[in-house]
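Asker: Quick one: structure below, then a few questions.
The values are calculated or read from the model by the stated rules, or taken from the named source; none is laboratory data. A quick note: this is a predicted structure, and the numbers were derived from the prediction, not measured. Counting neighbours? That spans all protein chains shown, and the Cβs are built from the backbone with ideal geometry, glycine included. SASA here: full protein model, heavy atoms, side chains in, ligands and nucleic acids out. Shrake-Rupley method; radii C 1.70, N 1.55, O 1.52, S 1.80 Å.
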Amino acid sequence: MGRGYTIGEAAKLLHVSRDTLRFYEKKKLAAPSKAENGYRYYAEEDIRMLLDLVFLRKLQCSIQDIQRLYADGSLACAESFLDLRIQEEEKEIRRHQQMLHQLTVTRYTRRKITESLGQYSLRQIPRTYAFSEKLPDYDLVRDAWFHTIQEETRLENCYLHEQLELCKEGQERQYYLVLEEYAVKELGLEALASTVPSFAFAQAVHCVYASKAVSPTFEDIQAMVCWAREQGIPLTGEVHAHYLWNHYREGRLETSYIEMYMPVGAGERALTL
């Protein structure tokens, strides 16, 4: 007949709680016998059955799925069930892989702040891809971002980028969605990027700074232009900017970390501010 196990012994053997075994019994997935004193006990056959049940639960099979699987009992049902679970897990793996890539790109963005905060420098601007048309208003490009991510969630990492020409009357700003080459490769967006406009600058005056606004002010731009002049660096008059991270306190914007850069020109060029 083999030995019998109390509910405590069975729970310890199977590495589950007593409540879990009672739950399985309630769902009619386990049927321990009762001794004359009224206590439950599990036979060797019950333990073998529970081992299978615990294994299926570790595979993230729901109680309802296991009930259906046991109720049918056919090999065809088991194979169909396992095929479905494999498809579900593969889908979940793809979702987690995408999330991992997005987290990696987000970390890359945040490291820019640590490396460049409050420092003017001369650097190369990597190939940058525009994933929306240029729009005349910040709200419009924000709405474009919401629309775009419905079709391609990997574009959630896009910067809300703005551009202006200092030498043009009115200094009108244009707004559009961009991703740098690193993010495009990390997110697996090369095919899509090959169909959209892009730009890169061999040299640009660059800075990341903290602000109370999400967009560069006249003073922010003027400070960068003055630094470039002091270094004898000619500028084209083109300004690019986007915020990297916003810090909120009690629902209000506390600090915005803005990346701004201005391409270097081929020769001396006067900028009027």
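Asker: Considering the convex hull of the alpha carbon atoms of segment 99-164, report its projected area averaged over all viewing directions, in nm², one decimal.
Answerer: Over every viewing direction, the Cα hull of segment 99-164 projects on average to 5.8 nm².
Asker: For a quick check of your reading of the filter: which chymotrypsin sites (Phe, Trp or Tyr not before Pro) in segment 20-50 sit in a DSSP loop and have no more than 16 other Cβ atoms within 10 Å?
Answerer: On the way: sites: Phe23, Tyr24, Tyr39, Tyr41, Tyr42; in loops: Tyr39.
Of the chymotrypsin sites (Phe, Trp or Tyr not before Pro), the ones in loops of segment 20-50 whose Cβ has at most 16 other Cβ atoms within 10 Å are Tyr39.
Asker: Let me ask something additional. Using just the Cα positions, wrap segment 117-273 in a convex hull and report its mean projected area in square nanometres, one decimal place. Please list the in-between numbers first.
Answerer: Numbers: hull surface 39.4 nm².
Dividing the Cα hull surface by four gives the mean projection, 9.8 nm².
Asker: What does the charge count around Asp139 come to, taking other residues whose C-beta lies under 13 Å from its C-beta (Lys +1, Arg +1, Asp -1, Glu -1)? Display every interim value, and only then the final one.
Answerer: Numbers: positive: Arg142, Arg173; negative: Asp137, Asp143, Glu162.
Summing Lys/Arg as +1 and Asp/Glu as -1 gives -1.
Asker: Then there is this: Tell me, what is the FRET efficiency for Ser80 and Lys112 to the nearest 0.05, using R0 = 45 angstrom and their Cβ-Cβ distance as r? Working shown, then result.
Answerer: Numbers: r = 49 Å, r/R0 = 1.10.
Efficiency, rounded to the nearest 0.05: 0.35.
Asker: Let me know the shape class of segment 1-105, please: from the alpha-carbon gyration tensor, a ≥ b ≥ c as square roots of the eigenvalues, rounded when a/c is under 1.5, otherwise prolate if a/b is greater than b/c, or oblate. Walk me through the numbers on the way to the answer.
Answerer: On the way: a/c = 3.36, a/b = 1.96, b/c = 1.71.
The shape class here is prolate.
Asker: Of the accessible area of the chain, with the probe set at 1.4 angstrom, what percent is carbon plus sulfur?
Answerer: Numbers: 8450 of 16640 Å².
That fraction is 51 percent.
Asker: What whole-number value in cubic angstrom gives the convex hull volume per residue for the C-alpha atoms of segment 43-149?
Answerer: On the way: hull volume 24.5 nm³, N = 107.
Taking only Cα atoms, segment 43-149 has a hull volume of 229 Å³ per residue.
Asker: Sort 181-193, 77-89 by the packing proxy (mean of other Cβ within 10 Å over each peptide's residues), most packed first. Mind showing how you got there, number by number?
Answerer: Numbers: 181-193: 17.1, 77-89: 12.3.
Going from most to least packed, we get 181-193, 77-89.
Asker: Over its Cα atoms, what ratio of radius of gyration to 2.2 N^0.38 Å does segment 79-209 give?
Answerer: Numbers: Rg = 18.3 Å, N = 131, 2.2 N^0.38 = 14.0 Å.
Cα Rg divided by the expected 2.2 N^0.38 Å: 1.30.
Asker: So how much accessible area does Asp72 have, in Å² to the nearest 10, using a 1.4 Å probe?
Answerer: Rounded to the nearest 10, that gives 90 Å².
Asker: Using only Cα atoms, locate the centre of segment 10-81 and the centre of segment 97-171, then give the distance between them in Å, rounded to an integer.
Answerer: If we compute the Cα centre of each part, the gap is 53 Å.
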